[in-house]
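One structure is given here, and the rest of the page talks about it.
The values are calculated or read from the model by the stated rules, or taken from the named source; none is laboratory data. The shown structure was predicted, so the numbers you read here are calculated from the model rather than taken from an experiment. No Cβ is skipped: glycine too gets one built from the backbone with ideal geometry, and neighbour counts run over all protein chains shown. Quick note on the areas: whole protein, heavy atoms, side chains included, nothing else; ligands and nucleic acids left out. Shrake-Rupley method; radii C 1.70, N 1.55, O 1.52, S 1.80 Å.
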Amino acid sequence: MPRLSAGDPAPDFTLPTAGGGTVTLSDLRGSHVIVYFYPAAMTPGCTTQACDFRDSLGSLQGAGYRVVGVSPDTPERLAQFAEAEHLTYPLASDPQHQVLEAWGAWGEKTLYGKTVVGVIRSTVVVDPDGVVELAQYNVKATGHVAKLRRDLQLA
């Protein structure tokens, strides 16, 4: 799958969310949006990453950023995850991988020394006009939000 780069238009999407609603990227225009892609709710790495975003949410929002997490989990599983970890930003469900593929976050990766196809842990920052500002692929779950904040000069 081709990956997004700074300057690319961010592909719009509407996905079901943990709370039973939907999130549409174009509805968030006017704000910077951090869209992060993760493999599976309630797994150790994904929980670490989700909680890092949760713990940084106030300062990110104060700097004009919104956060949306996307995984192939069902909305029901995402609702359990959000409740268990007190996540207050949208978690979106993409079980057919359409958004994951369009954003370059689905494809071959190495897992425990084997090549598999799945979610590539990624973060894309979209500017208020819907253009990719920053795209990071194969990110680490631990410490990623701190690195992202530095990259965005928010640290």
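From the C-alpha gyration tensor of the chain, pull out the three semi-axes of the equivalent ellipsoid (sqrt of 5λ each), sorted largest to smallest, in whole Å.
Details: eigenvalues 80, 66, 55 Å².
After scaling each eigenvalue by five and taking roots: 20, 18, 17 Å.
Where only protein heavy atoms count, and the probe is 1.4 Å, what is the accessible area per residue for the chain in Å²?
Working: 7410 Å² over 155 residues.
On a per-residue basis, 48 Å².
Ignoring ligands, DNA and RNA, please state the percent of accessible area on the chain from carbon and sulfur, probe 1.4 Å. List each step's numbers first, then the result.
Working: 3680 of 7410 Å².
Summing carbon and sulfur atoms, their accessible area is 50 percent of the total for the chain.
Roughly how big is the stretch 3-106's charge dipole about its Cα centre, with Cβ charges of +1 (Lys, Arg) and -1 (Asp, Glu), in debye to the nearest 20? Before the final figure, lay out each step's value.
On the way: 5 positive and 11 negative charges, 35 e Å.
Once rounded to the nearest 20, the dipole reads 180 debye.
Would you be so kind as to identify which of 154, 26, 104 lies farthest towards the positive end of the dipole of the chain, taking Lys and Arg as +1 and Asp and Glu as -1 on Cβ and the Cα centre as origin?
154
Quick one: net charge around residue 144, please, counting Lys, Arg +1 and Asp, Glu -1 for every other residue with C-beta under 9 Å from its C-beta.
Values: positive: 121, 140, 147; negative: 52.
Neighbour charge sum, excluding residue 144 itself: +2.
What relative contact order, as a whole-number percentage, does the chain give when Cα pairs under 8 Å and 6 or more residues apart are counted?
Values: 306 pairs, mean separation 50.8, N = 155.
Across the chain, relative contact order equals 33 percent.
Under 15 Å from the Cα of residue 147, which aspartates and glutamates turn up, not counting those fewer than eight places away in the same chain?
Filter leaves 52, 55.
Would you be so kind as to identify which of 90, 65, 117 lies farthest towards the positive end of the dipole of the stretch 52-155, taking Lys and Arg as +1 and Asp and Glu as -1 on Cβ and the Cα centre as origin?
117
Once you list every other residue whose beta carbon is under 14 Å from the beta carbon of residue 8, what net charge do they have if Lys and Arg are +1 and Asp and Glu are -1? Could the numbers behind the result be given before it?
Working: positive: 3; negative: 12, 127, 129, 133.
Net of charged neighbours comes to -3.
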